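Quick note: the coordinates plus some simple rules give every number you see, no bench work behind them. What you see is a predicted model, and the numbers here were worked out from it, not measured in a lab. Note: ideal-geometry Cβ built from the backbone for every residue, glycine included; neighbour counts use all protein chains shown.
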Amino acid sequence: MRIGFWFNAAATAACMAGAASIAQAQNFPSKPVTMLIPFAAGGPTDVVGRLVGEHMGCTLGQPVIIENAVGAAGTLAGQRLMGSPADGHVILIGHTGTHAAAVSLNPNLKYRPVEDFAPVGLVNINPIFLTVRKTHPSGTLAEFVTWVKANEKAASNAHAGVGSVSHTTCLLFNTVLGVKPNGVPYRGTGPAMNDLVAGQVDYLCDQAVNVAPQHRAGTIKTLAVASTARATALPDVPTSTEGGVPDFKVEVWNAMFAPKDTPAPAVAKLNQALKAALADATVKAKLNELGAEIPSAELQEPAGLRSFVGAEIERWAPIIKASGVKVE
Ligand code: MLT
């Protein structure tokens, strides 16, 4: 499994560097902190959560325990956080899907991403890649566009559930092309990628964490990155504009939240620990290697994240509306 030795190495280095046990001075945290990950182990959200969480544990002086709280395209984890004690000992890594697109997609969403949580900070911003199975007849984005338009009824588009980022980002692609392929939902893009590699599904929109190792091993074909510039993690992959679909432009983010009424000093400590992780050279290098960007200093702050999430909810509303998709 990808969650290999470097997490331990990063954590050990961080702890040895004496990542300033801010816990010594005050009561929080008084026990291990549980980090809820809304998707399956081994996928992008999980990998980033484990990397950052391990370093945060060093700073906080208490381990951060990962719990994959999977279901309903990641929104069950949000519900779980709402019902958790508001003392900072349970936190969550949400993303573009669970904390922005879900608002327009899911009329039964049980939480309001801005009002119902205490934002801790934005964690990372990730490029999105369009990938196809290795045996797919298309070798370029232009060829794939022709293929999917001619074969939309047979085409299978894997994703991590309606409202996940693998779903919403491919939804943007499909809407731009005017195609409605068969969606194939998984519990995360870890398992979805496994099936793409096995040739069970045709295509998947996913993050570099999953895509880069498979792309380098030649087990899938990566047709485009949906960004304005090529991704540093996979510079041989053309942009969507180079491939002839300039309107397929989208990036996704991960962000950390605590329960709504978490006391300000606990949120501040979590935020400090998050920022320490994002400033750590080993963590930074690993995130960059995974294709992720570190957010601006402003977005790493709770207030910055709060307005960012509000803006993202607005940004996704017309995209979801144009797609005509709703969670039943
Ligand atoms: C998604 O597609 O929303 C997630 O990135 C899936 C995952 O993290 O496994």
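The table for this structure:
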read-out	value
Relative contact order for the chain, counting Cα pairs under 8 Å that sit 6 or more residues apart, in percent	26
For the stretch 169-190 versus the stretch 54-93, the gap between their alpha-carbon centres in whole angstrom	28
Ranked GLU115, GLU152, GLU298, criterion: other C-beta atoms within 10 Å, fewest first	GLU115, GLU298, GLU152
Within-15-Å neighbourhood charge of LYS153 [Cβ basis; K, R +1; D, E -1]	0
Gyration tensor (alpha-carbon) shape descriptor, the stretch 81-141, a/c threshold 1.5	prolate
Point-charge dipole on Cβ atoms (K/R +1, D/E -1) for the chain, about Cα centre, debye to 20	340
Residue among VAL52, GLY244, ASN27 farthest towards the positive dipole end of the chain, charges placed on Cβ	GLY244
Three-way shape label, the stretch 127-225, alpha-carbon gyration tensor, a/c 1.5	rounded
Dipole magnitude (debye, nearest 20) for the stretch 281-328, charges at Cβ of Lys, Arg, Asp, Glu	100
Cβ crowding within 10 Å averaged over residues, with 222-234, 83-95, 314-326 ranked highest first	83-95, 222-234, 314-326
Partners for LYS269 among aspartates and glutamates (Cα-Cα distance below 18 Å; same-chain residues under 8 apart left out)	GLU54, ASP87, ASP261, ASP280, GLU298, GLU301
Chymotrypsin sites (Phe, Trp or Tyr not before Pro) within the stretch 136-173: DSSP coil, no more than 16 neighbouring Cβ in 10 Å	none
27 Å Cα-Cα reach of LYS275 towards lysines, excluding residues that sit fewer than 8 places from it in its own chain	LYS31, LYS260, LYS284, LYS286
